1. Collect the residues in the stretch 82-107 that are in contact with a strand residue (DSSP E or B) (Cβ under 8 Å, 6 or more places away or on another chain) and at pLDDT 75 or above, keeping them in residue-number order.
2. Among the residues of the stretch 166-204 satisfying the criterion of being part of a strand (DSSP E or B) and either at pLDDT below 75 or charged (D, E, K, R) (or both), which is nearest to F132 (Cα to Cα)?
3. In the stretch 57-68, is there at least one residue being at pLDDT below 85 and either among the β-branched types (V, I, T) or in a helix (DSSP H, G or I) (or both)?
4. When residues of the stretch 69-99 are filtered for being outside any helix (DSSP H, G or I) and touching a residue at least 24 places away in the same chain (Cβ under 8 Å), how many remain?
5. When you scan the stretch 38-51, do you find a residue that is open to solvent by 30 Å² or more (accessible area, probe 1.4 Å) and in a helix (DSSP H, G or I), even just one?
6. Within the stretch 108-120, identify whether any single residue is under 30 Å from V194 (Cβ atoms), out of contact with any strand residue (DSSP E or B) (no Cβ under 9 Å at 6 or more places or on another chain), outside any loop (DSSP other than H, G, I, E, B) and not aromatic (F, W, Y), and answer yes or no.
Amino acid sequence: VEAVEAFCRESPDVVLMDLMMPRMDGFEAIRQIRALGGDQWVPIIILSALSGEVDIVRGLEVGADDYLPKPLSFPIFAARFKALSRLLDMQRRLSGSLEQVRAVANGVIDGIISADERGIIQSVNRAASEIFGYPASEMIGQNLTMLMESPQKDEHDGYIQHYLETGVRHTIGNIREVTGRRRDGSTFPLELGVSDLTLPSRRMFIGVVRDISEDRKSVV
């Protein structure tokens, strides 16, 4: 219990976890710490006299990164800790790079929205939130169709699936005018450009949107 409280309070770089504790065992503490950590990876090393195969497997399955039996071999611990330190350093450098990318994206005046192969929104920049009137927290994890009007809304999921199966492009790689839907239910014209990004483990779609309402007013 104290370990979980300390994790929330101190935000440590590494957690060393025993298993046999009175009010909450180490397995449950690891589960809670993993849930509290979110996207930030914090290495958890179990140090325990429970060294049976079942205990080791269970410890790793609930979220531990390493398992060292007692009595502890300090040379082995030092070597494992150095390896984890290298991984932590890599994570920090990657996080720094991602923060720079987010800062650049938030500085762009056009809206940028990324989605996965199912059309589920993964990220949005500040401009996209302002264009559609949603905070990012209400957009991420939702289907892109929340931002559309018919007929695009009705056809969208089928279009993605057809593109993934055949490679035939309709919107991807082109800029076209569509109708967007704001949080308050109002609709507006927007320009949409979509790019297909292939990553090592998945594919992503990056959409760039621009509200052209003022352009249409000036034409009228």
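The values are calculated or read from the model by the stated rules, or taken from the named source; none is laboratory data. This structure is a prediction, so every number in the text was calculated from the model and none was measured. For neighbour counting, all protein chains shown are included, and Cβ atoms are generated from backbone atoms with ideal geometry for every residue, glycine included. Keep in mind that these areas ignore ligands, DNA and RNA; they rest on the heavy atoms of the full protein, side chains included. Shrake-Rupley method; radii C 1.70, N 1.55, O 1.52, S 1.80 Å.
1. L84
2. First pass over the stretch 166-204, keeping only residues part of a strand (DSSP E or B): 172, 175-181, 187-198, 203-204.
With either at pLDDT below 75 or charged (D, E, K, R) (or both) added as a condition, the list becomes 172, 176-177, 181, 191, 196, 203.
Numbers: I172: 21, R176: 18, E177: 16, R181: 7, E191: 13, D196: 22, R203: 25 Å.
Per the criteria, the residue is R181.
3. Filtering the stretch 57-68 for residues at pLDDT below 85 gives none.
For the stretch 57-68, residues at pLDDT below 85 and either among the β-branched types (V, I, T) or in a helix (DSSP H, G or I) (or both): absent.
4. Qualifying residue count for the region: 1.
5. no
6. So the first thing to find is which residues in the stretch 108-120 are under 30 Å from V194 (Cβ atoms), and the list is 108-120.
Keeping just the survivors that are out of contact with any strand residue (DSSP E or B) (no Cβ under 9 Å at 6 or more places or on another chain) gives none.
There is no residue in the stretch 108-120 that is under 30 Å from V194 (Cβ atoms), out of contact with any strand residue (DSSP E or B) (no Cβ under 9 Å at 6 or more places or on another chain), outside any loop (DSSP other than H, G, I, E, B) and not aromatic (F, W, Y).
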